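Below is one structure, written out as structure tokens; the observations come after it.
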């Protein structure tokens, strides 16, 4: 299956957002949230470079807050930090 063109991805993301906007049943809050998150993921696929800084930031947070010394050590090495 070929990857969609940028305009196709944006159109899909817009349809997902419109579907989320159209949900009025309060019992479908989870579905609404899932549709919005899916739309954001589709949009981010077109901006993969923007994901890298966020990914590095999240990995650094885990490296600094993990209670597991091995996890901290391995993440710091992965991030290129001094041991």
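So which residues in region 13-28 are in a loop (DSSP other than H, G, I, E, B) and surrounded by 13 or more Cβ atoms within 10 Å (Cβ to Cβ), if there are any at all?
Looking only at region 13-28, we keep the residues that are in a loop (DSSP other than H, G, I, E, B), and these are 22-25.
The answer is 23, and nothing else.
So for region 36-50 (the condition being over 15 Å from residue 12 (Cβ atoms), surrounded by 14 or more Cβ atoms within 10 Å (Cβ to Cβ) and modelled with pLDDT of 90 or more), does at least one residue qualify?
No - not one qualifying residue is present in region 36-50.
The values are calculated or read from the model by the stated rules, or taken from the named source; none is laboratory data. Keep in mind it's a predicted model, so treat the numbers as computed, not measured. Heads up, the Cβs are rebuilt from the backbone with ideal geometry, glycines too, and the neighbour counts pull from every protein chain shown.
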